[in-house]
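Undergrad: Pasting a structure below so you can have a look.
The values are calculated or read from the model by the stated rules, or taken from the named source; none is laboratory data. Keep in mind it's a predicted model, so treat the numbers as computed, not measured. Cβ atoms come from the backbone with ideal geometry, glycine included; neighbour counts cover every protein chain shown.
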Amino acid sequence: MKLPPLKSLPVFEAVARLNSFSQAARELAITQSAVSHQIKQLESYLGEPLFLRSGRHLQLTEEGRQYQEAVTSVLLELEKASERLLGQEKSSLRLSVYSSFAVRWLVPRLPYLQRRHPQLDLALEMSSENPVLSERVADCFITIQKTSAAFDYELLYEEQLFPVVSRDYWHRMQRELQLDSDEVRLSTADLIRYPLLSTHSIYQRTAGDWQAWFAVTGEPLPSGARLQHFSHMLLALEAARFHQGIALTNDYMLSNQKDSGDFVRLPCHAVATGDHFYFAWKQARRREAAIQLLRRWLVSQAITSGLRSG
């Protein structure tokens, strides 16, 4: 069996992860010259440069990036196999998750996970965009894109948007629109009398969320509509909380009791965005108890909170 210099692999992993020779040296408790020697030895064995060096700037080459993926996976598997034999297996996972999903749905539920499964140590990695499905980023993911055939996916939620306002704002609308009953259905003409709070990040274009919502009725977004623009749904929803207009939001943003009390869902139609939220994990790690425990817990919570049907 022809193997690379094994002592150099943890050094390479640390340098690639930290993007620094000096930080890797501190983490490994060795000298920086020892780190440099191990990297040179590995590059000499492979016959390929693993890093591009420009002054103090360090960057993985394409070959280095591919090698990092393989080395990280191997070292993780070796660590877990050793822990199993020693009877010291840790149930620690890194979960990459979108910021809004984490803040409004997942984090409020973590105390239940900790009480029910105290052996699971879950670290959250915040993602504002679609994460790269790689063990360099996290062990598992909540993502809307099934981009890698090397991963398995479990559906948690099919997103739909619906209009909401603060409770005080709803009372104002009832007075001004002379609504006699909470069961009345609002028309698009009713809504455009008020400011529409728009989130750019949903459709990646200005007013894309409201354009999609009006399109369900076969109508274009009126040119005279008063729009207030926000980069993220969290910002638009907070503006609605403080009585600034009507925001489009989704189910997980209003999934805790406080938010359900602060906001009123207007009696109007909803629009499906086409985004599907999945829990994703690498197929090679599908037998890991911690990943399957987290998968089952997330699915049960999605069903309980109404994101996913039973």
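Undergrad: How about the stretch 105-142: which of its residues are in a loop (DSSP other than H, G, I, E, B) and hydroxyl-bearing (Ser, Thr, Tyr)?
TA: Ser128, Ser134 - these are the residues of the stretch 105-142 that are in a loop (DSSP other than H, G, I, E, B) and hydroxyl-bearing (Ser, Thr, Tyr).
Undergrad: Follow-up. Filter the stretch 59-74 for residues that are hydrophobic (A, V, I, L, M, F, W, C) and surrounded by fewer than 16 Cβ atoms within 10 Å (Cβ to Cβ) and give the result.
TA: Ala70, Val74
Undergrad: Right, another one. Residues to consider are Ala302, Ala284; find the one that is surrounded by fewer than 17 Cβ atoms within 10 Å (Cβ to Cβ) and either under 17 Å from the mean Cα position of the chain (by Cα) or not in a strand (DSSP E or B) (or both).
TA: Selected residue: Ala284, the only one of Ala302, Ala284 that is surrounded by fewer than 17 Cβ atoms within 10 Å (Cβ to Cβ) and either under 17 Å from the mean Cα position of the chain (by Cα) or not in a strand (DSSP E or B) (or both).
Undergrad: Looking at (1) part of a helix (DSSP H, G or I); (2) over 26 Å from the mean Cα position of the chain (by Cα), find the lone condition where Leu221 falls short.
TA: (1)
Undergrad: Being of a type in the set (Val, Ile, Thr) and either surrounded by 16 or more Cβ atoms within 10 Å (Cβ to Cβ) or in contact with a helix residue (DSSP H, G or I) (Cβ under 9 Å, 6 or more places away or on another chain) (or both) is the filter; apply it to the stretch 97-115 and report the residue that is nearest to Ala138 (Cα to Cα).
TA: Here is the first cut: in the stretch 97-115, the ones of a type in the set (Val, Ile, Thr) are 97, 103, 107.
Pick out the ones that are also either surrounded by 16 or more Cβ atoms within 10 Å (Cβ to Cβ) or in contact with a helix residue (DSSP H, G or I) (Cβ under 9 Å, 6 or more places away or on another chain) (or both) and you get 97, 103.
Values: Val97: 10, Val103: 18 Å.
So the residue we want is Val97.
Undergrad: In the stretch 137-152, what residues are surrounded by fewer than 17 Cβ atoms within 10 Å (Cβ to Cβ) and either without any contact (Cβ under 8 Å) to a residue 40 or more places away in the chain or polar (S, T, N, Q) (or both)?
TA: Selection gives Gln145, Thr147, Ser148, Ala149.
Undergrad: Checking Glu83 against (1) over 27 Å from Gln283 (Cα atoms); (2) modelled with pLDDT under 90; (3) part of a helix (DSSP H, G or I); (4) of a type in the set (D, E, K, R), which test does it fail?
TA: Going through the list (1) over 27 Å from Gln283 (Cα atoms); (2) modelled with pLDDT under 90; (3) part of a helix (DSSP H, G or I); (4) of a type in the set (D, E, K, R), Glu83 breaks only (1).
Undergrad: Moving on to the next point. Test Glu69 against the stated conditions and say whether it is closer than 28 Å to Trp281 by Cα and assigned to a helix (DSSP H, G or I).
TA: Spelling it out, Glu69 is indeed closer than 28 Å to Trp281 by Cα and assigned to a helix (DSSP H, G or I).
Undergrad: Filter the stretch 111-164 for residues that are among the charged types (D, E, K, R) and over 12 Å from Tyr98 (Cα atoms) and give the result.
TA: Arg115, Arg116, Asp121, Glu135, Arg136, Asp139, Lys146, Asp152, Glu154, Glu158, Glu159
Undergrad: Answer yes or no: is there a residue in the stretch 174-193 that is under 30 Å from Leu293 (Cα atoms), part of a helix (DSSP H, G or I) and out of contact with any Asp or Glu (no Cβ under 9 Å at 6 or more places or on another chain).
TA: Checking the stretch 174-193: not a single residue is under 30 Å from Leu293 (Cα atoms), part of a helix (DSSP H, G or I) and out of contact with any Asp or Glu (no Cβ under 9 Å at 6 or more places or on another chain).
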